[in-house]
Structure formats: C-alpha cells, structure tokens
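The values are calculated or read from the model by the stated rules, or taken from the named source; none is laboratory data. Here the structure is a predicted model, which means the values were calculated and not measured. Quick reminder, even Gly has a Cβ in these numbers, built from the backbone with ideal geometry, and neighbours come from all protein chains shown.
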Amino acid sequence: MIIIVYGLKDPDKSYISKIYKEIMRALVYEEYTIDDDFSKILKIKNLPKPEPRSNEVVFKVISAALNYDDIWGMRGKPLAIPLPHISGTDAAGEVVAVGSDVKNIKVGDRVVSHGNMSCRVCKSCTAGREFNCKKRTIWGFETGPLWGGYCQFTHLPEVNVLKIPEGVSYDQAAAASMTLLTSWHMLVGRAKIQPGQLVLIMGGSSGIGTFGIQIAKLFGCTVIATASPEKLDKLLSLGADFAVDHRKEDWHKEVRAIAKKIPKPNGDVPGVDVIFEHIGGSHWNKELTLLNYGGTIVTTGATTGYDAKTDLRHIFFKGINILGSTQGTRAELEECFYWMSKGKIKSIIDSVYSLDDAVNAHNKMLNGKGLFGKILIKPNSD
C-alpha cells in the first residue's frame, strides 16, 4: 500500500510512518446490488485504524468467515443495512488495544467475535435469552456504517469477544463463531436433543449443517443428513449415519424408508424425532410428513424461499413442535468452544481467500457449487 501525503514541503518520515500505521485496508461497499454482481460494489478502501472505546477491544483480524447474510446485506434485502458498509460477523485475531474499562481481555490475547449484540439489561437479556432482545443486532450485518470483520483491524465491546482456547486455531474459531453457535442453539438450546433420537440434518454440507451433524453425534443421536449427490460421501465421513440427496423429488420417501429400518427403544413408532431446518421452500411440507408423533422441527432460515405453505394436518394430528431459532447466547458459545478444544467438534473449511479476492469468495458462496463447509477471508494476507 502506498500513502501519499499532500501539503507538506518536506514531509517528516516519522510522521508519514505514523500515518501508515494508522491506516488499514477494508472491504467496503457504498451501494446495494440489484443483480448480485458483487464486483460492481465491493471495493478495497483505506480507512483509519479503529481506537477502542472504554469498554472495547481492538484486534488484528487474522481470519474471518463468510455467511449468507453478507449477500443479504449487499442486496439491501430483507434489511436495508447501513451504508457505507463493512460486512463480516465472524472474525478471529490478536488483541492490539483495550479500553480503560476492559477487565478480562489484554493485549496479545487470541479472541473471536460473538456477533449477537444485545442491550444486556432488558428482561430477555437478564433472563439469559439475549437472542430475544428487541434491540438485538447482528454485528457485521446490521451494524455500521463501516463496522464489521472484513478489514485488517476491528473493534468490539469486551462482552462480544471470547478468548480462543488452546488447540483451536484462528481459522477454526472464525469458521465456528456464529455458525456453530446457531447450530448448537437450534439442537441443544431449542430442540433439546436426547441420546437415541433420530435427527434429520437438512443441508448437511452447509456451515451450520456440518456443525449440526457433529453436535447430534456428540449427543448420541442417529443422524440422517441431506445434500446434493456429489457431497453425500463427505457427510458420511463427517459422522452422519445415512446421507440422502434432497434434490430428488421423492427424497423424503428415502428418508422415511431409512427411519423405518432403525430400531426404536421401547417399541416407539419409527420416524424422525428432530429435524434441523434452514432450507425452507418446497421442502417444508415434506419435512413435516417425516416427523414422529410429538416430533420437533427447528428452523433458522430459508435459503430456498420464505413463503412456505403448511399443511396444518401434519402439525395438530401428530402434535408436532415447530420452533424458531436464531443465534444463541455467549454462554452457549463458550460451551461450543470447550468441545472444540477437546477435539469433539471441528470447523469444516471449504476454501480461503484474500481480501482482494473477496468477489470470488462471495460468488462461490452464492452459487454453492462444490461448496462444503465455510469460506474464509484473510484481511491481512499478503
């Protein structure tokens, strides 16, 4: 990077050096895209390096992970997020500065972001349900202007960073931050999975899907996972007991046939106990038909469409539980990283890109071709 200082007849080299150190590179867009042509809007900008407020830490971003809300942000739909914008909810790095009121984080600590930003004082927050806070925002998606993780240095309140435990790399931490937390909250916090249950993980090759498989196996469940045909073997390698191509029109019949062959304790009727759902669209009613009496479907997204029609007979006749889920708590994220440090859960990383190659990274996430796991960006790579 070259910085030119104007207006100085004889520039002081030390002054130029100071300016250089206070400038960082960031991935910025100043308008929305209407045609998903990210190359039109994504630009590398030189911005001032952040200084911490009294309750904040500043860290050098070693690794950051893409999420689908990055694409929603660039579209300006479903939310018109602040402009100009820096995306990036999942970021891990080394602390370089701390505010005067920071108590538990010090310079040199390895940290990872907790992107769920809540007020911390409302009834929901103080009851341990920060994900239900009405003032909740997702850092790097709804925050700004110019406040996210796709930059060389970023800042967060102390309460929104966690120390990365020994044995967990920056890449592993960044790839897990929001995605692992979301999966954990879906299955453990909301669906309350139990050993011996049959769990269907939809979209098992996605970031949250790969974690969903591992969490369900950690809890002693039998897992059926779905993906496109070229990814099925990878699902089995990750720990799924069965893998099904959900692009087939009758994929649900294959799942039902598998469920009938799995012996149930106490003579229970064969069927799926818990469905981990984030696809939506045309799959929704088929999923409902698969659930056992009293079964649970927990949903956190709808990548193939929000406007899913529901046959109510599937719900009331079998007493099905439909649970919504989003993000999770800081305490849950700490529990997630505990299991990562023990080697029981790992991040599946698909590919790594530099900040300058961010357009290709986002295009890969959008088309999903061959994608298995998380995509990372390295803001400080050469």
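Residue-by-condition table, conditions (1) in the same structural domain as GLY189 (by TED's automatic domain parsing); (2) surrounded by fewer than 17 Cβ atoms within 10 Å (Cβ to Cβ); (3) of a type in the set (A, V, I, L, M, F, W, C):
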site	(1), (2), (3)
THR310	yes, yes, no
ILE315	yes, yes, yes
THR329	no, no, no
CYS336	no, no, yes
MET340	no, no, yes
TYR353	no, no, no
HIS362	no, no, no
| Where residues in region 367-382 are in contact with an Asp or Glu (Cβ under 8 Å, 6 or more places away or on another chain) and not in a strand (DSSP E or B), which of them is nearest to GLY148 (Cα to Cα)? | GLY373
| said: So if I check each of TYR293, TYR338, TYR306, which one is among the aromatic types (Phe, Trp, Tyr) and at pLDDT below 90? | reply: TYR306
| query | Quick one: would you say ILE315 is touching a Gly at 6+ places or on another chain (Cβ under 6 Å) and either among the β-branched types (Val, Ile, Thr) or under 24 Å from LEU236 (Cβ atoms) (or both)? | reply | no
| field | Selected residue (only one of LYS43, LYS60 is in contact with a Gly (Cβ under 6 Å, 6 or more places away or on another chain), more than 22 Å from ARG190 (Cα to Cα) and in contact (Cβ under 8 Å) with a residue 12 or more places away in the chain) | value | LYS60
| If only one of THR182, THR137 is of a type in the set (Val, Ile, Thr) and either over 19 Å from the mean Cα position of the chain (by Cα) or crowded, with 20+ Cβ neighbours inside 10 Å (or both), which one is it? | THR182
| note | Filter region 52-80 for residues that are touching a helix residue (DSSP H, G or I) at 6+ places or on another chain (Cβ under 8 Å) and in a loop (DSSP other than H, G, I, E, B); the one that is modelled with the lowest pLDDT is PRO78
| task | Determine whether LEU83 is part of a loop (DSSP other than H, G, I, E, B), modelled with pLDDT under 95, in the same structural domain as THR154 (by TED's automatic domain parsing) and within 24 Å of the chain's Cα centre (by Cα). | result | no
| query | Can you name the residue in region 39-86 that is surrounded by fewer than 15 Cβ atoms within 10 Å (Cβ to Cβ) and of a type in the set (Gly, Ala, Ser) and is also nearest to ASP171 (Cα to Cα) among such residues? | reply | SER39
| If you take the residues of region 240-256 that are in contact (Cβ under 8 Å) with a residue 12 or more places away in the chain and in a loop (DSSP other than H, G, I, E, B), which of them is surrounded by the most Cβ atoms within 10 Å (Cβ to Cβ)? | ALA240
| request: Name the single residue, out of those in region 35-75 being of a type in the set (S, T, N, Q) and within 17 Å of the chain's Cα centre (by Cα), that is nearest to GLN327 (Cα to Cα). | output: ASN67
| request: Could you list, in sequence order, all residues of region 367-382 that are surrounded by fewer than 16 Cβ atoms within 10 Å (Cβ to Cβ) and under 17 Å from GLY88 (Cα atoms)? | output: SER381
| request: Counting only residues that are of a type in the set (Gly, Ala, Ser), give me the strands (runs of 3 or more DSSP E) lying completely in region 95-188 with at least 1 of them. | output: 110-113
| request: Among the residues of region 102-116, write down those that are surrounded by fewer than 22 Cβ atoms within 10 Å (Cβ to Cβ) and touching a residue at least 40 places away in the same chain (Cβ under 8 Å). | output: VAL102, LYS103, ASN104, ILE105, ASP109, ARG110
| request: Sort out which residues of region 179-229 are closer than 22 Å to ALA64 by Cα and among the hydroxyl-bearing types (Ser, Thr, Tyr), and write them in order of number. | output: THR179, THR182, SER183, SER205, SER206, THR210
| remark: The number of residues in region 317-366 that are among the hydroxyl-bearing types (Ser, Thr, Tyr) and in a loop (DSSP other than H, G, I, E, B) is 4
